[in-house]
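Notes follow once the structure below has been shown.
The values are calculated or read from the model by the stated rules, or taken from the named source; none is laboratory data. For clarity, every value in this text was computed on a predicted model and none was experimentally measured. Using ideal geometry, Cβ is built from the backbone for each residue, glycine included, and neighbour counts are taken over all protein chains shown. Accessible surface areas use protein heavy atoms only, side chains included; no ligands, DNA or RNA. Shrake-Rupley method; radii C 1.70, N 1.55, O 1.52, S 1.80 Å.
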Amino acid sequence: MDRPDFPDPLDLFSRHRSIRHYKRDPLADGHLDLIIEAGRRAPTDAGGHMYSVIRVTDPALRARLATLAANQQHIRDAAEFFVICLDVHRLRQLIEHRGGEWGMRERISLIYGTSDATMVAENMMLAAEALGYGTCYIGAVQNNTDVIARELALPAGVLPLYGLCIGVADEERLPPFRPRVPRDLCFFENRHPGDYRAGQLDAAYAEMSVKRDWYESLGRYFATGGTMEAREPVMARAWRQQELEPQKLDTE
Ligand SMILES: Cc1cc2nc3c(=O)[nH]c(=O)nc-3n(C[C@H](O)[C@H](O)[C@H](O)COP(=O)(O)O)c2cc1C
């Protein structure tokens, strides 16, 4: 099996960039298995394995999902496309199979399921990149979470979080390496500093505004009228549909 040599595995992190242009080539023999096994080895809170991964091999389904996820062509082009889901459905069945009563409520399901699923996805992404493939997460699944959940026949307790494209990068159309927010705004010692100073915020914008002002992108996603606000009602519908809407507690 062809595995590229990596003198230093830490190289992997600095070499990461999201790939949006793929060649039509499939993954090499055996590589899909290595990527899936990397995902399976992710740590899991309390051993709950609160995730599932749907590999989308049906081209018509893949095309519908691409349309639902902001019509992104790279979802159609990548050799592989996975939908990463939080999943407490299987865990509930395991508990009830042994006569236990399901005791996990919606808030905990959402948080723990998201963290478990994310670790699986990141292991898969890193394994794919270690094997030399390009990858791209697809958060735009959240533009139509409820419809996508139905397309994938997800039962109650399962929620799509994001997609993951994996494939052979088109070397002619590699994107630049994107910067990251300055370290002193994200990593702290012993306590959070609270509000940031204006100078620190300016420094973050200076660091992040490479080709254009970072605010153009941040504002489009996170300011009023942006993508994230539009996703809120979709998320509300999806949580209700998948029976993950937090309920009022008896103790409240
Ligand atoms: C959860 C998540 C969702 C994302 N969704 C999308 C997406 O829908 N489409 C896309 O092209 N890139 C998507 N990305 C990739 C980000 O745009 C990218 O990671 C970020 O701009 C930093 O660039 P880099 O990964 O090349 O360093 C997503 C990344 C994450 C972590």
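Based on C-alpha coordinates, I'd like the Rg and Dmax of region 114-252, in Å.
18.9, 59
GNM on the chain, C-alpha springs below 10 Å: top fluctuator among LEU27, LEU218, LEU152?
Judging by the Gaussian network model, the answer is LEU218.
Can you compute the label reach from ALA156? Point 7 Å from Cα along the Cβ direction, backbone N cut-off under 20 Å, restricted to region 223-252.
Zone members listed by number: 235-250.
What is the calculated FRET efficiency for GLU216 to THR251, with r their C-beta to C-beta distance and R₀ = 51 Å, to the nearest 0.05?
Between GLU216 and THR251 the formula returns 0.70.
Could you list, bin by bin from short to long, the percent of Cα-Cα pairs of region 54-172 in 5 Å steps?
For region 54-172, the pair-distance distribution reads 2, 11, 20, 21, 18, 13, 8, 5, 2, 0, 0, 0.
With θ set to phi - 60° and the Karplus curve 6.51 cos²θ - 1.76 cosθ + 1.60, what are the ³J(HN,Hα) couplings of region 35-51 in order, to the nearest whole Hz, using x for Gly and Pro?
Karplus values, whole Hz, x for Gly and Pro: 5, 5, 5, 4, x, 5, 7, 4, x, 9, 4, 6, x, x, 6, 8, 8.
Using a 1.4 Å probe, what is the accessible area per residue for region 11-176, in Å²?
Here the residues of region 11-176 average 48 Å² of exposed surface.
Give the shape of region 169-232 as rounded, prolate or oblate, defined through the alpha-carbon gyration tensor: a ≥ b ≥ c are the square roots of its eigenvalues, a/c under 1.5 means rounded, and otherwise the shape is prolate if a/b is larger than b/c and oblate if not.
The shape class here is oblate.
Mind listing the phi-derived Karplus ³J(HN,Hα) values for region 82-99, rounded to whole Hz, using 6.51, -1.76 and 1.60 with θ = phi - 60°, and x for any glycine or proline?
Using θ = phi - 60°, the values come out as 10, 10, 8, 10, 7, 8, 10, 5, 5, 4, 4, 5, 4, 5, 5, 4, 9, x Hz.
Between ASP170 and GLN200, how many nm apart are label points set 7 Å from Cα along the C-beta direction?
Those two pseudo-labels are separated by 4.2 nm.
For region 33-88, what's the radius of gyration and Dmax over Cα atoms, in angstrom?
When restricted to Cα atoms, region 33-88 yields Rg and Dmax of 13.4, 38 Å.
Using Cα-Cα distances under 8 Å and only pairs 6 or more residues apart, what relative contact order does region 93-252 have, in percent?
30 percent
How big is the chain by the Kirkwood estimate over distinct Cα pairs, in Å?
Radius from the Kirkwood sum: 20.2 Å.
For the chain, modelled as a GNM with alpha-carbon contacts under 10 angstrom, which of LEU32, LEU131, LEU201 fluctuates the most?
Looking only at LEU32, LEU131, LEU201, the biggest GNM fluctuation is shown by LEU201.
Could you work out how far the C-alpha centroid of region 176-227 sits from that of region 35-113, in angstrom?
Comparing the Cα centres of region 176-227 and region 35-113, I get a distance of 30 Å.
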